[in-house]
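Okay, so here's the structure we're looking at.
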Amino acid sequence: MNKSQLVDQLVLEADLSKAAASRFLDALMGVVTDTLKAGEPVVLVGFGSFVVRERAARTGRNPKTGEAIALAAAKVPGFRAGKMLKEQIN
């Protein structure tokens, strides 16, 4: 499902206009992004948690040449599924 399809589904499920559903989705993504930038998790009880994880510096390989390259440490977004979500998809 892409963003456009998600907006269409929100229109059906939440009885919103397409413009309102699109604004809502954009606002939600903005809030989640800003909260993660601040280093805080976003917890949606039962659904899951968006978190920031630390990835340590490591050595990788250039797939074309096989040459070793240094990869810097980085912060990466992560998602942990909640109990209800796990139960509903299994």
If you average 1/r over every pair of different alpha-carbon atoms in the range 1-42 and take one over that average, what Kirkwood value in Å do you get?
-> 11.0
Within the chain: Cβ-based charge dipole about Cα centre, in debye rounded to nearest 20 (Lys, Arg +1; Asp, Glu -1) | 480
Kirkwood Rh (inverse of mean 1/r, distinct Cα pairs), the chain, angstrom | 16.1
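We did not get these values from a lab; they are worked out from the coordinates using the rules stated. Fair warning: this is a prediction, and the values are worked out from it, not measured in the lab. All Cβ positions, even for glycine, are placed from backbone atoms using ideal geometry, and neighbour counts span all protein chains on display.
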